[in-house]
Amino acid sequence: MSRLSPTGRKALLTLHLVTSLGWLGTDLVLLTLGVAGLRGADPEVVYPTAGLLVTWLFAPLSVAAWLVGVASALLTPWGLLRWRWVLVKFGLTTVMLGLVLLLLTPRIRHLGELGAAADAHLRVDLVVAPSVSTTLLLIATVLSTYKPWGRLRRAAVPATRRAVPAGRGA
Ligand code: HEM
């Protein structure tokens, strides 16, 4: 049973969409900056901008999207460990959050500080990392809308009481 009123659930879903797809959008902007840097755009503009973006938008949005995603699972009938699509999304997003906070954010901030002095390896990082993370976030989006693979531990729920969460199959 959902622990939220229909209005509360819509508000939470709205917040979930804004944070998670905002995260995806910011990732695409980082990728654009990375490609612009490799194509000869001014590194004293492109890399400090990427540093600011990662610090003030990308990293905070990753934490917000993870927290609101977990809340969206725990406070609705979907649950965190009931449906495979939710569990896979949770796994993908958790791995991504770790990589963003521990690896990507410090490296892009460093790139921003170096600007024109950044070596080719760091510059390529700003294309490779956002390409990988954008792909993972697109996979998360597709999983969310198609909701494949059914539920885990089907036998644990009696057929007569198996409630299908709102939105399933819609
Ligand atoms: C901790 C990670 C995440 C968890 C546990 C999670 C869980 C959920 C749950 C349970 C719902 C259904 C909410 C409801 O019906 O009220 C949902 C919806 C959705 N999620 Fe996530 N999510 C996570 C991260 C993401 C990410 C990273 C994206 C995309 C970048 C995303 C995109 C969506 C979309 C588009 C929907 C709407 C699907 C629909 O209404 O048909 N989620 N998510």
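General observations
- Fully extending the segment from Val29 to Leu101, taken as 0.36 nm per residue of separation minus the present Cα-Cα distance, adds 24.1 nm.
- Rounded tilt (10° steps) of 120-146 against the dominant C-alpha axis of the chain: 20 degrees
- Rounded to the nearest whole Hz, the Karplus-based 3J(HN,Hα) values (6.51 cos²θ - 1.76 cosθ + 1.60, θ = phi - 60°) of the range 82-97 follow the sequence 9, 10, 4, 5, 5, 4, 5, 4, 4, x, 4, 5, 5, 4, 4, 4, with x at glycine and proline.
- Computed label-point distance, nm, for sites Leu21 and Leu152 using a 7 Å Cα→Cβ extension: 2.7 nm
- For the chain: relative contact order, % (alpha-carbon pairs under 8 angstrom, 6 or more apart): 32 percent
- Counting only Cα atoms, the size of the range 6-147 along its three principal axes is 52, 25, 23 Å, in decreasing order.
- Interchain or long-range residues, amide H under 5 Å from Trp83's placed H: Leu152
- Over the chain, dividing the summed -39,500 (n - 2.57) contributions of all DSSP H runs of at least 4 residues by the number of residues returns a 222 nm mean residue ellipticity of -22500 deg cm²/dmol.
- Inter-label distance, nm, simple model (7 Å from Cα along the C-beta direction), Leu75/Leu12: 0.5 nm
- Between Arg3 and Leu122, full extension at 0.36 nm per residue minus the direct alpha carbon distance yields a gain of 38.2 nm.
- Rounded to 0.05, the FRET efficiency of the Leu138 and Thr94 pair, given R0 = 22 Å and the Cβ-Cβ distance, is 0.80.
- The range 6-147, accessible surface, carbon-and-sulfur percent (1.4 angstrom probe): 76 percent
- Radius 14 Å from Cβ of Leu92, net charge of other residues (Lys, Arg +1; Asp, Glu -1): +1
- For the chain, the dipole from Cβ point charges (+1 on Lys and Arg, -1 on Asp and Glu) about the Cα centre works out to 1540 debye, to the nearest 20.
- Distance from the C-alpha centroid of the range 3-63 to that of the range 102-152: 10 Å, rounded to the whole angstrom.
- For the options His121, His110, His16, a Gaussian network treatment of the chain with springs between C-alpha atoms closer than 10 Å singles out His121 as fluctuating the most.
The values are calculated or read from the model by the stated rules, or taken from the named source; none is laboratory data. Keep in mind that this is a model prediction, so the values were computed, not measured. Cβ: placed from backbone, ideal geometry, glycine included. Neighbour counts: every protein chain shown. Note: accessible area is taken over every heavy atom of the protein model, side chains too, but ligands, DNA and RNA are not part of it. Shrake-Rupley method; radii C 1.70, N 1.55, O 1.52, S 1.80 Å.
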